[in-house]
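The values are calculated or read from the model by the stated rules, or taken from the named source; none is laboratory data. Model, not experiment: these values are computed from the prediction. Note: ideal-geometry Cβ built from the backbone for every residue, glycine included; neighbour counts use all protein chains shown.
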Amino acid sequence: MEIFSTTIIYILLFLTTLVYYSISKKQIPIRKQKQIPKLPPGSMGLPYIGETLQLYHKDPNIFFSDKQKRYGEIFKTHILGCKCVMLASPEASRFVLVTNADLFKPTYPKSKETMIGPWALFFHRGDYHYRLRKLVLSSLSPDPIRKFIPGIESIAISTLDSLAADKNKVVSIFRGMKKFSFEVGILAIFGNLKKQYKEELKKNYFIMEKGYNSFPTNLPGTSYHKALMARKRLDQILEEVICERKEKKMVENDLLGNLLSLKNDELSDDQIADNVIGVLFAAQDTTASALTWILKYLHDHPKIFEAVKAEQKEIYMCNEKGNKSLTWTQTRNMPLTYKVILESLRMASIVSFTFREAVVDVEYNGYLIPKGWKVMPLFRNIHHNPEFFSEPQKFDPHRFEVAPKPNTYMPFGNGAHSCPGNELARLEMLILIHHLVNRLKWEIVSSRDTIQYSPFPIPYNGLPARFWNEPDNEELCN
């Protein structure tokens, strides 16, 4: 009986505890668990190769545009051996490149870094990048580049004379523009460089450039191996130039002079050489691609061409038909020509996207960008979004009579890693267009609208064309 009573007491205690627990559970609110952000929508494609084959099978711009239509302004993919998050909105680009730039680092394939040089400005961030960028900007800002106008004019006229040497000969516009932009890059970096150095630099630079986009197989005979050998020779040439300046205590007001002028030998010769090659590489192909597209758009839009020609003819006649050099003020007073450049850069979007890598797990708009994933703001998608640019496929320079919305127009990138040479690029484009429309006429031979990548987008086959001299105009300056 005693055992029975004890059992009843334990059962009652158990039931009481159970009831109390149930009631208290209802009364005490349960904290909601923090929701873990999910990966953006998208497809990772096949194992190992991802969607790389689809990227190259299509025009890359169509590939990214189709993805955006399907998944929205943030999506994931797997290309070129990398897990990537693509961003196609102005807000997302600003998030990565400006407001939260410390969460992302510039990233390039190792083979590209080896080719250009590991100390090049655009491979870095932090204090080294800040100090070096400040120096490069001070060398390529409006004040110091004014003195290059006569030199750029001389290079432009020489380039145009070469293109028009034989009216019946078909020439590649892109190849001609590459030679022009290379010569301007040499001028900005070295000033008046000795001819022997210039020729050796040109010869080895173009060998290196040819192998830059080749498959990175370092076997004798391959383009990549030849490029690496040429890169070593470039180091030797630059070492000679640097030693000569140091020995003669030459003080030059050009980029190399500014790099050498840092106190206490703050930069090693290797660091200086890598940044010289880096600036030359960044300055050449982008500007050459842009100029090639400008010539195509002017050719395809005769009314705009005639309006640009009228604007430039007035300046040309005031300068005694080109016998007097352009002034800085004149280059700042070419409003329609400048709008043509702006619209060409939007249409062509030479720098279609940029690479970054998340250094920590990052949450954006409820989505997770995992540490180590590549992040690619898609400038071209933004430039061709009808929400920001009406009729985006129409070439219309007059749209820039009204400034674009913030972060919707980024032809030179955005943030701390935007192109420090954009003022020099603008100046050389204006100068070349000025002499082109006043001196020459041209017709494009191939009408194909196919785009090639080398690595930046250019018209098919470099835009083959014929050039001939414009008959002299006898008008006088008012």
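A few points about this structure:
- Condition broken by Phe63, with the remaining ones in (1) in contact with a helix residue (DSSP H, G or I) (Cβ under 8 Å, 6 or more places away or on another chain); (2) more than 30 Å from Leu228 (Cα to Cα); (3) in contact (Cβ under 8 Å) with a residue 24 or more places away in the chain satisfied: (3)
- Elements of type helices (runs of 4 or more DSSP H) contained in the stretch 52-108, each with 1 or more residues being among the basic types (Lys, Arg): 60-71, 90-94
- Taking the stretch 262-273 as the range and being part of a loop (DSSP other than H, G, I, E, B) and of a type outside the set (Asp, Glu) as the test, the residues that pass are Leu262, Leu267, Ser268.
- Pick from the stretch 356-396, criterion in contact with a Lys or Arg (Cβ under 7 Å, 6 or more places away or on another chain), over 22 Å from Asn61 (Cα atoms) and in contact (Cβ under 8 Å) with a residue 12 or more places away in the chain, ranking: surrounded by the most Cβ atoms within 10 Å (Cβ to Cβ): Ala358
- Filtered residues of the stretch 353-375 (kept if more than 30 Å from Ile458 (Cα to Cα) and outside any loop (DSSP other than H, G, I, E, B)): Ala358, Val362, Glu363, Tyr364, Tyr367, Leu368, Ile369
- The residue pairs whose first member lies in the stretch 279-304 and is touching a residue at least 12 places away in the same chain (Cβ under 8 Å), whose second member is in a helix (DSSP H, G or I) and basic (Lys, Arg), and whose beta carbons are closer than 6 Å, counting only pairs six or more residues apart or on different chains, are Ala288/Lys178.
- Scanning the stretch 77-114 for residues that are modelled with pLDDT under 90 and over 16 Å from Phe353 (Cβ atoms), we see that the one that is farthest from the chain's Cα centre (by Cα) is Gly81.
- Pair list, Cβ < 9 Å and 6+ apart or interchain, from the stretch 397-411 residues that are closer than 14 Å to Ser349 by Cα to residues that are acidic (Asp, Glu) and not in a helix (DSSP H, G or I): Thr408/Glu387
- Within the stretch 283-352, helices (runs of 4 or more DSSP H) holding 1 or more residues that are among the polar types (S, T, N, Q) and within 15 Å of Ala425 (Cα to Cα): 328-331, 335-348
- Counting the residues of the stretch 262-286 that are modelled with pLDDT under 90, charged (D, E, K, R) and buried (at least 21 other Cβ atoms within 10 Å of the Cβ) gives 1.
- A single member of Asn407, Asn381 is assigned to a loop (DSSP other than H, G, I, E, B), modelled with pLDDT of 90 or more and more than 16 Å from Thr286 (Cα to Cα), and it is Asn407.
- Residue in the stretch 327-335 that is of a type outside the set (Val, Ile, Thr) and either modelled with pLDDT under 90 or in contact with a Leu (Cβ under 6 Å, 6 or more places away or on another chain) (or both) present: yes
- Scanning the stretch 142-169 for residues that are surrounded by 14 or more Cβ atoms within 10 Å (Cβ to Cβ) and not in a helix (DSSP H, G or I) yields one hit, Ala164.
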